Amino acid sequence: MRIRKAILALGLMMFTGSLISDAQTETGLSTHAIEVLKSQLKDGKTNGEEEYDSHQYTSTDLEATLPIIKKILLANGVKLLSKADFASRVKSIFDRTIDISSQVHLFVNYNDACDRRQLYMKNGVALDGTFITKEGFFTDLYAIPELIDYQTAFPEYNKIEAAKIIKKEPDLGKEIEIPHWKDYKNLPSERIQNLKVLVARNKYLLNNSRTDFNWLFQNDFEFLKHLFLDFGYAGEKRIMKSVIGPPKNINSADDLKTFSKSLWHTRCNGKVVIHPKSLEVIKEFASPDRSGHIIGIAKCINAFFNVVNPPFKEMSFKNKAYVIAHLLQFGEQYKYNKAYHYGQMFSGNFIHYLDDKGTYRKEFENNSYYGLPNLKEWLKKAEKEKNVFKGIELADNPSPEDYLNMSRSGYTPNRIK
């Protein structure tokens with residue numbers, strides 16, 4: 001295969017400030033990659049405001065970039081893992097099982113972690129994801145001009161970008177002019193940023209580089225956020241702490257859904273995993289005058305019983321019971337800390353209103369209360385308490401705020417003798 005030498009204007013700086021590699025690094029472009037580059041130049045760079053790709057990206061475009069990316073990674077200190085170790089790392093981070101003998105790349109979709117399709121798009125919702133390559137590293141879908149200084153490396157192809165590019169917009173049917181890659185003034189700076197992201201993500205994910213984790217935390221936090229919220233990766237408490245944030249009121253359905261994703265994760269096989277480190281973070285944040293997260297947990301429990309627009313309707317009864325039990329166990333501890341004034345917000349509300357027929361408590365019992373140390377005892381105590389809202393007319397079941405206000409008013413429920 002004919003190899004052409006391309007100048008890669010990396011301009012990369014290590015995050016400590018010293019050079020990772022020379023400002024100019026040579027990489028080989030195969031005949032195949034050159035043909036892909038020419039086709040991308042002919043189609044131009046779709047305007048970010050458009051919802052379709054002027055160039056129809058396929059696996060061919062991805063394959064053309066992989067040798068380039070691999071050389072960049074190796075030149076900048078990324079240590080590739082054995083196939084078995086790479087498969088183990090992918091499983092622990094993305095909860096994806098890869099066949100180490102397969103030659104197929106995997107695509108992980110940030111919008112649907114269980115979507116197994118390979119999506120080759122750079123515009124629209126479908127672009128939100130990354131590839132796990134059979135070569136043993138991680139990369140987004142890049143056009144070759146986003147990785148190399150093609151104008152310097154291949155001046156003979158500059159003539160390709162001399163003619164206007166006119167294409168018909170598929171939805172509206174109108175003709176639009178597509179800009180050339182050469183006319184995109186931010187391309188050089190974005191190219192450098194792409195290379196920094198590639199190196200930092202792979203150094204962190206493959207080699208657990210703390211320096212690169214810190215860089216990603218400052219410069220590519222959305223990626224780290226996806227790892228936690230969308231794939232259930234719970235290996236970094238610092239990510240959790242930043243995502244959960246200081247206590248705040250959780251009112252909207254969207255807020256509740258996002259908050260719930262920080263508490264538990266439903267794997268693609270249907271198994272639910274609780275994030276104990278997230279509960280640790282909430283406990284660290286909590287104080288009597290900063291109770292938004294704990295009240296948010298009470299709202300999550302209530303939401304499992306919503307009849308209109310239930311947010312967790314896709315979960316099985318057994319999974320719901322498992323999550324509710326863990327949230328009750330966490331929230332009920334604050335009942336015994338009088339500074340919080342939570343009263344019957346958790347177990348009392350659960351017994352008197354949410355699970356008044358005992359369906360979930362029976363499931364807890366059948367599963368030995370999931371090994372939770374205090375749940376059985378606390379529920380038994382709550383069953384003996386008088387409902388603090390008995391005889392009080394409410395428009396609906398009491399909310400967490402209702403319990404908070406009731407408790408702060410000085411009312412103490414009587415024990416049934």
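Consider E314 carefully, then state whether it is farther than 26 Å from W264 by Cα and either among the polar types (S, T, N, Q) or not in a helix (DSSP H, G or I) (or both). Against the criterion (farther than 26 Å from W264 by Cα and either among the polar types (S, T, N, Q) or not in a helix (DSSP H, G or I) (or both)), E314 does not qualify.
Taking the criterion of being among the charged types (D, E, K, R) and either outside any helix (DSSP H, G or I) or surrounded by fewer than 16 Cβ atoms within 10 Å (Cβ to Cβ) (or both), the residues of region 330-375 that qualify are K338, D355, D356, K357, K362, E365. Of all residue pairs spaced 6 or more apart or on separate chains, those with beta-carbon atoms under 7 Å, a first member in region 293-313 that is under 12 Å from S260 (Cα atoms) and of a type in the set (F, W, Y) and a second member that is at pLDDT below 95 and in a loop (DSSP other than H, G, I, E, B) are F304/F312.
For (1) in contact with a helix residue (DSSP H, G or I) (Cβ under 9 Å, 6 or more places away or on another chain); (2) under 30 Å from G232 (Cβ atoms); (3) among the aromatic types (F, W, Y), each residue gets a yes or a no:
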position	(1), (2), (3)
D115	no, yes, no
E135	yes, yes, no
P155	no, no, no
A162	no, no, no
I176	no, no, no
D183	yes, no, no
Y204	yes, yes, yes
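For I132, the requirement of being buried (at least 18 other Cβ atoms within 10 Å of the Cβ), among the aliphatic types (A, V, I, L, M), modelled with pLDDT of 90 or more and farther than 27 Å from N269 by Cβ is not met. Looking across region 195-218 at every residue that is within 20 Å of S88 (Cα to Cα) and polar (S, T, N, Q), the one that is nearest to the chain's Cα centre (by Cα) is identified as N202. Could you go through region 68-89 and let me know if any residue there is within 30 Å of K174 (Cα to Cα) and either of a type outside the set (K, R) or assigned to a helix (DSSP H, G or I) (or both). Checked against the condition, which is being within 30 Å of K174 (Cα to Cα) and either of a type outside the set (K, R) or assigned to a helix (DSSP H, G or I) (or both), region 68-89 yields no hits at all. Go through the residues of region 356-378 one by one and say whether even a single one is at pLDDT 95 or above, over 31 Å from the mean Cα position of the chain (by Cα) and over 28 Å from T266 (Cβ atoms). Yes. Could you please give the count of residues in region 203-224 that are farther than 12 Å from G77 by Cβ and either touching a strand residue (DSSP E or B) at 6+ places or on another chain (Cβ under 7 Å) or not in a helix (DSSP H, G or I) (or both)? Residues in region 203-224 being farther than 12 Å from G77 by Cβ and either touching a strand residue (DSSP E or B) at 6+ places or on another chain (Cβ under 7 Å) or not in a helix (DSSP H, G or I) (or both): 3 in total.
Among the residues in region 250-262, are any buried (at least 20 other Cβ atoms within 10 Å of the Cβ), within 28 Å of S88 (Cβ to Cβ) and among the polar types (S, T, N, Q)? Yes: one or more hits.
Among the residues making up region 135-155, those that are among the hydroxyl-bearing types (S, T, Y) and assigned to a helix (DSSP H, G or I) are Y150, T152.
Can you name the residue in region 247-267 that is part of a loop (DSSP other than H, G, I, E, B) and either at pLDDT 95 or above or touching a strand residue (DSSP E or B) at 6+ places or on another chain (Cβ under 7 Å) (or both) and, of all such residues, is farthest from K313 (Cα to Cα)?
P247
Restricting attention to region 376-410 and to residues that are touching a residue at least 60 places away in the same chain (Cβ under 8 Å) and in a loop (DSSP other than H, G, I, E, B), the residue that is surrounded by the most Cβ atoms within 10 Å (Cβ to Cβ) turns out to be S399.
The values are calculated or read from the model by the stated rules, or taken from the named source; none is laboratory data. Since the structure is predicted, the reported quantities are computational estimates derived from the model, not experimental observations. All Cβ positions, glycine included, derive from the backbone under ideal geometry; neighbour counts span all protein chains shown.
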